Amino acid sequence: MKKRSLWGKSYQVLADALGHFNSDDGYAVASHVALSSLMALFPFLIFVAAFSGFLGLNSVAQSASALIFDVWPEQVAGPVSGEINAVLTQPRGDLLTFGVVVTLWFSSNGVEAMRIGLNRAYRVKDTRSWFFCRTQSLLAVLIGTVVLMVSTFLIVFGPLAWEWAVHLAPVMEQFSYKANIVRYGITSFLLLFALLAAHMYLPAGRRRLLEVLPGIVLTMVLWIIAGTTFGAYLARWANYVTLYAGLAGIMTAIIFMYLTAVIFILGGEFNAALMRVRRVNRRLEDGPCHNGEDQS
């Protein structure tokens with residue numbers, strides 16, 4: 001049997017992914033993921049502030065907020081980050097109080113929304129207990145908090161570490177310290193790590209690393225394109241202030257989060273489509289009967 005060309009296979013996978021995205025109510029699920037993620041963002045950063053304050057690192061929360069919003073278009077991040085920084089400037093040492101426990105719970109709702117989106121994309125039914133899933137989401141928030149704080153610590157103290165390294169090895173002085181490269185490198189690594197963890201462990205069933213990697217790469221590439229395009233659109237043509245007045249900042253954030261959620265779910269649909277197409281092509285290559293078994 002004649003094999004399909006690379007373009008033919010690519011078209012087959014993309015058509016399958018987009019078709020299942022529509023049939024899985026991808027746009028509606030993306031709305032749920034976007035709104036839940038935006039609602040979880042404030043509680044998550046408040047928890048980071050409380051946790052860092054509990055450890056005596058009061059300035060880490062604002063640096064962590066800046067690290068998160070580095071990947072957002074400036075026109076979107078500006079209004080939202082300003083409000084968040086106003087909240088984070090309040091001193092917090094109340095890690096174990098009821099209020100911060102509630103923020104931790106609400107933060108996990110964003111993880112649960114992503115779980116629903118990926119379960120739909122991979123077309124799996126989650127039979128795990130509610131307690132297991134919620135505990136996993138809470139642990140994801142806690143691990144994310146620690147990872148974000150460590151990464152922020154590395155960025156903040158990067159210049160000091162560089163000066164110490166130059167003092168020990170003066171020959172390194174000819175290589176300038178690139179703070180932006182370090183910042184964006186760490187941010188990209190965090191996104192990659194978060195996407196890998198989400199695709200591997202949030203939805204039901206098991207998937208290998210190579211099975212989820214294509215959709216993750218597609219997600220990151222489309223996120224870069226969408227962020228750049230949306231930022232340029234806001235800077236040149238969009239005027240949400242005339243439409244939404246004081247709500248313009250939050251409306252741009254919701255639209256941006258919706259775009260990122262659509263792309264996130266498409267990444268899962270792409271992986272699922274790729275796995276389905278591989279199975280179909282394998283059956284076609286094996287023929288109608290393989291090892292004496294009827295393919296039907």
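Residues in the range 28-65 that are more than 11 Å from residue 257 (Cβ to Cβ), modelled with pLDDT of 80 or more and in contact with a Phe, Trp or Tyr (Cβ under 8 Å, 6 or more places away or on another chain): there are none.
Please verify whether the range 125-136 includes one or more residues that are among the polar types (S, T, N, Q), within 21 Å of residue 257 (Cβ to Cβ), at pLDDT 80 or above and surrounded by 12 or more Cβ atoms within 10 Å (Cβ to Cβ). Lay out the reasoning, then the answer.
Of all residues in the range 125-136, those among the polar types (S, T, N, Q) come to 127, 129, 135-136.
Pick out the ones that are also within 21 Å of residue 257 (Cβ to Cβ) and you get none.
Within the range 125-136, none of the residues are among the polar types (S, T, N, Q), within 21 Å of residue 257 (Cβ to Cβ), at pLDDT 80 or above and surrounded by 12 or more Cβ atoms within 10 Å (Cβ to Cβ).
Contact map, the range 1-18: first residue closer than 15 Å to residue 269 by Cβ and assigned to a helix (DSSP H, G or I), second residue of a type in the set (D, E, K, R) and at pLDDT 65 or above, Cβ cut-off under 8 Å, separation 6 or more or different chains; pairs are 16/276; 17/269; 18/269. Take the conditions (1) surrounded by 14 or more Cβ atoms within 10 Å (Cβ to Cβ); (2) of a type in the set (A, V, I, L, M, F, W, C); (3) modelled with pLDDT of 85 or more; residue 224 misses just one of them, which is (1).
Is there a residue in the range 171-183 that is closer than 30 Å to residue 74 by Cβ, among the charged types (D, E, K, R) and either at pLDDT 90 or above or more than 18 Å from the chain's Cα centre (by Cα) (or both)? Yes - at least one qualifying residue is present in the range 171-183.
Checked across the range 198-206, the condition of being at negative phi, at pLDDT 90 or above and either hydroxyl-bearing (Ser, Thr, Tyr) or in contact with an Asp or Glu (Cβ under 6 Å, 6 or more places away or on another chain) (or both) holds for at least one residue.
The values are calculated or read from the model by the stated rules, or taken from the named source; none is laboratory data. Remember, predicted model here, so these are calculated numbers, not experimental data. Glycine gets a Cβ as well: all are built from the backbone with ideal geometry, and neighbour counts include every protein chain shown.
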